[in-house]
Amino acid sequence: MMLSFVSLLSFTLLFIHGASTQPPFACDSSNPETKNYLFCQTELPITQRARDLVSRLTLDEKISQLVNSAPAIPRLGIPAYEWWSEALHGISNVGPGVRFDGTIKAATSFPQVILTAASFDPYQWYRIGQAIGREARAMYNAGEANGMTFWAPNINIFRDPRWGRGQETPGEDPFVVGKYAVSYVRGVQGDTFQGGKLHGHLQASACCKHFIAYDLDNWKGTNRFLFDARVTVQDLADTYQPPFEKCVRDGRASGVMCAYNRVNGVPSCADSSLLFKTLRGEWDFKGYVTSDCDAVAIIHNDQGYAKTPEDAVVDVLKAGMDLNCGSYLRNYTKSAVLQKKLPESQVDRALHNLFAVRMRLGLFNGNPVPNPFGNIGMDQICSPEHQILALEAARNGIVLLKNDAKLLPLPKSTMSLAVIGPNANSPQTLIGNYAGPPCKSVTPLQALESYIKNTVYHPGCDMVSCSTGAIDKAADIAKQADYVVLIMGLDQTEEREALDRVDLFLPGRQQELIVSVAKAAKRPVVLVLLSGGPIDISFAKDDPRIGGIFWAGYPGEGGGNALAEVIFGDHNPGGRLPVTWYPQDFTKVPMTDMRMRPESSLDYPGRTYRFYKGDTVFEFGYGLSYSKYSYSFTRVSQNNLYLNHSSSLHTKETSESVRYMLVSEVGAEICDERKITVHVGVKNNGELAGKHPVLLYVRHGNHGNGRPKKQLIGFRSVILSGGEMGEIQFEVSPCEHLSRANEYGLMVMEEGRHFLVVGDDKHPITIII
């Protein structure tokens, strides 16, 4: 049941679509001069075309193209281009590349990424990317966008629960974040779900950010512009780098953004080891590297890493950066060249990468209409299919955290309902940050009213900060109702870019409001939390008067309806937390401490489920359902894994006398030969059908010495009716899934027992060297 969903779809399409104008493009075949330009000849390799174009430019023209707002070059028929557009969870009005002031007024607003990740469903992530990519191309085709390079996804690790931008990420686990990156990028760029079908043409361009170890914005006087992230090579190897490697190697992203912060003293955008050696060398990156906005200026003006503006320009271009979001390269590149600090060939190198991406987007192929993706029309924007996908994503992400005495789902025969809380009727809260205008807007209150006509609403607080509130009035309303739903949590005034939290509690008097309402209500109440980051709600978890708790992230334009459906049982919740929910005590740990692994001697507990040694409010991967599921390993293709078949393989020993081999020396062929097929049986022991994510972990038999407590290595969803059994299959690659990073940042496979773990069941795998 939804609030007039079909009629809303029809209405939305009426006001969103209008007459279109033709997008700008180069190499117009009606201009006879274009026949003389090699860069217009589509049968030639893009690298050759890009080199030809750059060779025709003057130095001033070249420099003008190094910034995000690249001007036109009229003498060559090249239109202006805007590199900066955003599409974190839908086409955004952040950045100058897209506008919603013409015939197109809105775009589909999917859930904020942290909630989308909670579905643990890569194909759904791909479909969202695909929808965003189609809407992006449609906006360009309609002349409503000045570029098709979108600076998303954000694939930094949600390392600390206080980070204001954690909401933008797929969570704390590098494996999950990497999977999300690949799925989203393939969808946006027009590839298939399995990848490998792109063949050069891009539907739109995705950009993985922020490279690297960026996960602090503004905390207790430390800001992202000046922060120097001190990171061990071990943590780089198994936490901070893997999502970006996946994004580049498997997703084939066409863009990467280097971050503001320094890593071990070197600004990310000036680090040739990161940008050339690792990104382009080891990972074979073929796209463009952009700075974060004004990051080049900061290298000189704020960090003092470069002595002069020209030195900053030299540092970033020689390191492998191609594009400056801002004006610094436009202002200081020419003087760097004239001072003989920068060879013009470095400018050419950057421009080859930039124009190659624009050519892959089809912007130098003449009229785009007959070309790939040229027929994607405005009917794709806010299409019924995309709006249903937004609703589905919200449904699948919502996490049920508590359901005492089976309070939920609430009966639809409920005579009266009280809805209380500052987030109950706020459409803006639903869409989070980096969002554009949504196709439609249905708040949780409106959606709940469509189920129960006798619904009474009170915000309880003046706003989410809840500095003042009408708590007594809210309690009086709760006394009169059959059931009470409290919709509380955070919003962008509490967590966002440039604003990290300093504690994990609910803001202001929210806890007081919740407890007072729960005391006054006839029955245990339902608590819904809207937030990006974790909240310490230990009080609610332990209070029997709070019978049900949901976490709903920032669920996007379909979030109001999705919440109502879950609360009243029209959808069986199946989301799982993509981050650890820590207690307030965790905030004793400085946010600036980048170490993942615990150090008992220093009373340092470590971070994320992989390493953290301490109490939790809710664990990573936690999530209930209206059904109960059980698992068992039904078949594993091999229990012993032999790695000593070749005399050319060298074995070594750790300080604990554990024999190991470097993954790099094992080789791809042996890695492929040793893959393990794992079959897991799943049973829905409840009465309701449900979609359920199954998480497969590996745990090393020998704990300690920097090894993760456990590591997620696979996840798949299964849809089962009540009482139904099913079986799913995982493929375990020993070199990827059974290896770990040693203290030198090298991936190693260690001899001994490992355990595959799913739910309460485990299965041993023994590596023999």
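Observations on the model:
- Net dipole in debye of the chain [+1 Lys, Arg Cβ; -1 Asp, Glu Cβ; about Cα centre; nearest 20]: 480
- Distant alpha-carbon pairs in region 71-146 (separation over 20 angstrom), percent: 40
- Computed from the C-beta positions of residue 406 and residue 539 and an R0 of 30 Å, the FRET efficiency is 0.85 to the nearest 0.05.
- Its Cα gyration tensor gives region 178-237 an equivalent ellipsoid, and the semi-axes of that ellipsoid, as √(5λ) in whole Å with the largest first, are 33, 14, 9.
- Over all pairs of different C-alpha atoms in region 318-472, the reciprocal of the mean inverse distance, the Kirkwood hydrodynamic radius, equals 22.1 Å.
- Directionally averaged shadow of region 398-588, computed from the convex hull of its alpha-carbon atoms, nm²: 10.4
- Rounded to the nearest 5, the antiparallel percentage of DSSP beta bridges internal to the chain is 60%.
- Summing charges over neighbours of residue 44, with a neighbour being any other residue whose Cβ is under 14 Å away from its Cβ, gives +2 when K and R count +1 and D and E count -1.
- Mean accessible surface per residue for the chain, computed with a 1.4 Å probe while every protein chain stays in place, in Å²: 36
- Beta bridges per DSSP, both residues in region 200-356: antiparallel share near 30 percent.
- Spin-label pair residue 340/residue 465, simplified geometry with 7 Å Cα→Cβ offset, distance in nm: 5.8
- Nitroxide proxy distance, nm - points 7 Å out along Cα→Cβ at residue 33 and residue 760: 7.7
- Other residues whose C-beta falls under 10 angstrom from the C-beta of residue 157 contribute a net charge of -3, scoring Lys and Arg +1 and Asp and Glu -1.
- Atom-type composition of the exposed protein surface of the chain places 50 percent of the accessible area on carbon and sulfur (1.4 angstrom probe).
- The orientation-averaged projected area of the convex hull spanned by the Cα atoms of region 26-168 comes to 11.6 nm².
- Across region 137-223, Cα-Cα pairs farther apart than 22 Å form 39% of the total.
- Exceeding the 32 Å Cα-Cα cut-off - candidates 62/307; 197/341; 286/440; 541/691: 197/341; 286/440
- FRET efficiency estimate (nearest 0.05) - Cβ-Cβ, residue 327 to residue 640, R0 60 angstrom: 0.45
- Shown here for region 187-236: trypsin sites (Lys or Arg not before Pro) in loop regions (DSSP other than H, G, I, E, B) with at most 15 other Cβ atoms within 10 Å, namely 197, 220, 230.
- Placing pseudo-labels 7 Å out from each Cα toward the beta carbon at residue 619 and residue 307 gives an inter-label distance of 5.6 nm.
- Extension gain for residue 653-residue 736 works out to 27.9 nm (0.36 nm per residue, less the C-alpha to C-alpha distance).
- The candidate values were (i) 1.18; (ii) 1.70; (iii) 0.97; the one computed from these coordinates for Cα Rg over 2.2 N^0.38 Å carries the label (iii).
- Between residue 416 and residue 192, the contour length at 0.36 nm per residue exceeds the alpha carbon distance by 75.8 nm.
- Antiparallel bridges, percent of DSSP beta bridges restricted to region 398-588 (to nearest 5): 25
- Other residues within the sphere of radius under 10 Å centred on the Cβ of residue 435, judged by their own Cβ, net out at -2 (K and R +1, D and E -1).
- Relative contact order of region 627-767: 32 percent, from C-alpha pairs under 8 Å at least 6 residues apart in sequence.
- The charge dipole of region 627-767, taken about its Cα centre with unit charges on the Cβ of Lys, Arg, Asp and Glu (plus for the first two, minus for the last two), comes to roughly 380 debye.
- Mean residue ellipticity (222 nm) of the chain, computed from DSSP H runs ≥ 4 via -39,500 (n - 2.57), nearest 500: -7500 deg cm²/dmol
The values are calculated or read from the model by the stated rules, or taken from the named source; none is laboratory data. In this text the structure is predicted, and so the values were computed from the model without any measurement. As a convention, Cβ positions derive from the backbone with ideal geometry for all residues, glycine included, and neighbour counts pool all protein chains shown. Heads up: the accessible areas ignore ligands, DNA and RNA and are worked out on the full protein's heavy atoms, side chains in. Shrake-Rupley method; radii C 1.70, N 1.55, O 1.52, S 1.80 Å.
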